[in-house]
Amino acid sequence: MNLPLAFWDSSALIPLCIQQAQTERATAYFADYGVVVWWSTPVEIISGLTRLVRMGQASDNEFLAGKKLAQIIAMTWIPIQPSLKIAAQASSLLELHPLQAAVALQLAAALEWCEGKPKGKVFLSFDQRLREAAALAGFTLE
C-alpha cells in the first residue's frame with residue numbers, strides 16, 4: 001500500500017528515532033504518511049540526537065539506536081535536492097517570517113516538492129514557528 005506523501009521537518013522525524021514527548025504523534029504520522037524531506041535532513045537528525053545526548057536527555061546507546069533508526073527511515077524517504085530556486089525562495093521566506101536559515105530552507109524545499117501549490121499538501125513539524133509559516137504558505141498541518 002502506498003501512503004500519501006507529506007513533507008517532514010526533522011523535528012517530526014527525531015521523535016521517531018528516540019523517545020520524546022512527541023514520539024506517539026510522530027509514530028502515528030509515520031503510519032499515515034510517506035516521507036519527503038530536505039536533502040540536509042540526515043545532518044539535522046544527527047544534530048538533534050547529539051544535542052539530546054549533550055543535554056543529558058538521551059544516553060549514548062539511545063543515540064546509537066536512534067541513528068540506526070534514522071538510517072532505516074532514510075531508505076524510504078524522498079529527498080528534495082538543493083537548487084538556486086530553493087535558496088531564493090528561502091531568502092524570500094526569511095523576509096516574511098521569523099525563521100532561521102535552515103528552517104526557511106526546509107519550507108522552501110516543501111514548496112518545491114509541491115511545485116508551489118501547497119493546498120491539500122501535508123506539512124509535518126513540531127517547530128511552532130515553522131508550523132505557522134507553513135500554514136500561512138497554504139500547507140495542511142497535522
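Just so you know, all these numbers are worked out from the coordinates, no wet-lab data involved. In this text the structure is predicted, and so the values were computed from the model without any measurement. With ideal geometry, Cβ positions are generated from the backbone for all residues, glycine too; neighbour counts draw on all protein chains shown.
The table below gives the values:
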| read-out | value |
| --- | --- |
| Burial ranking of peptide ranges 102-110, 122-130 (average Cβ count within 10 Å, highest at the top) | 102-110, 122-130 |
| Point-to-point label distance, residue 39-residue 21, nm (Cα→Cβ direction, 7 Å offset) | 3.5 |
| Computed lengthening from residue 75 to residue 129, 0.36 nm per intervening residue step minus Cα-Cα distance | 16.6 nm |
| Kirkwood-type radius of the stretch 84-141, with distances r between different C-alpha atoms, in Å | 11.0 |
| Percent RCO, i.e. relative contact order, over the stretch 5-80, from Cα pairs under 8 Å lying at least 6 residues apart | 40 |
| Label-point gap, in nm, between residue 119 and residue 50 - each point 7 angstrom along Cα→Cβ | 4.3 |
| Gain upon complete extension [residue 136, residue 5; 0.36 nm per residue less C-alpha separation] | 45.2 nm |
| Principal axis dimensions, largest first and in whole angstrom, of the chain by Cα | 40, 36, 25 |
| Average Cα contact separation per residue, the stretch 19-142, under 8 Å, 6 or more apart, as relative contact order % | 21 |
| Helix 101-113 vs. the chain, principal-axis angle (Cα, 0 to 90°, nearest 10) | 70 |
| Helix-only mean residue ellipticity at 222 nm for the chain, each DSSP H run of n ≥ 4 adding -39500 (n - 2.57), per residue, nearest 500 | -18000 deg cm²/dmol |
